[in-house]
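Okay, structure first, notes after.
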Amino acid sequence: MKETVMVKHAVTGREFLNNNKLPLEYEFAVLPEGGYRMTFRNAPPDIAADIVHFRGELNMFRFEIPVEGPQIKHWYYVSPETVQFDSAQGILVIEAASEIRYVPDEYWA
């Protein structure tokens, strides 16, 4: 299965990160206490700084694209206080408290 992840500015739609346009190492985790975490390794420092600056206005997306069957879109509402960038290690962490999951084929089939 292929996966696409994006971080966008919720107000303007500006795309900060997209693993199809910029090679990114990332990990996605469902947190035991609830919520979701995306950890990006080797995030470009200038982009990470913009993400931290706009942390109160972010949306994060994850698209699961299976070999067969419909794409599944996950839309995460970022928790601003969790957005952190460790510039020494190049690690950007973004957490979300909630998610909207949908299969576009179920809406526009």
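The values are calculated or read from the model by the stated rules, or taken from the named source; none is laboratory data. These numbers come from a predicted model, not from an experiment. Cβ atoms come from the backbone with ideal geometry, glycine included; neighbour counts cover every protein chain shown.
Here is a yes/no grid of residues against (1) within 19 Å of residue 10 (Cα to Cα); (2) in contact (Cβ under 8 Å) with a residue 60 or more places away in the chain:
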position: 30; (1), (2): no, no
position: 41; (1), (2): no, no
position: 49; (1), (2): yes, no
position: 52; (1), (2): yes, no
position: 59; (1), (2): yes, no
position: 65; (1), (2): no, yes
position: 77; (1), (2): yes, no
position: 87; (1), (2): no, no
**Request:** State whether one or more residues within segment 20-31 are exposed (fewer than 14 other Cβ atoms within 10 Å of the Cβ), assigned to a loop (DSSP other than H, G, I, E, B) and either touching a Gly at 6+ places or on another chain (Cβ under 9 Å) or modelled with pLDDT of 95 or more (or both).
**Result:** yes
**Complete:** The residue that is modelled with the highest pLDDT, considering only those in segment 41-66 that are in a loop (DSSP other than H, G, I, E, B) and not aliphatic (A, V, I, L, M), is 54
**Message:** Given the criteria outside any helix (DSSP H, G or I), modelled with pLDDT of 95 or more and either exposed (fewer than 12 other Cβ atoms within 10 Å of the Cβ) or in contact with a strand residue (DSSP E or B) (Cβ under 8 Å, 6 or more places away or on another chain) (or both), does residue 96 qualify?
**Reply:** yes
**Prompt:** Pick from 91, 47, 100: which is farther than 17 Å from residue 1 by Cα and touching a Leu at 6+ places or on another chain (Cβ under 8 Å)?
**Reply:** 47
**Asked** Limited to segment 80-93, what total is found for residues that are modelled with pLDDT under 95 and either surrounded by 16 or more Cβ atoms within 10 Å (Cβ to Cβ) or on the phi < 0 side of the Ramachandran plot (or both)?
**Response** 3
**Item:** Residue that is nearest to residue 5 (Cα to Cα), among those in segment 53-79 that are β-branched (Val, Ile, Thr) and surrounded by 15 or more Cβ atoms within 10 Å (Cβ to Cβ)
**Value:** 72
**Asked** Hey, among 69, 34, which residue is of a type outside the set (Phe, Trp, Tyr), touching a residue at least 60 places away in the same chain (Cβ under 8 Å) and not in a strand (DSSP E or B)?
**Response** 34
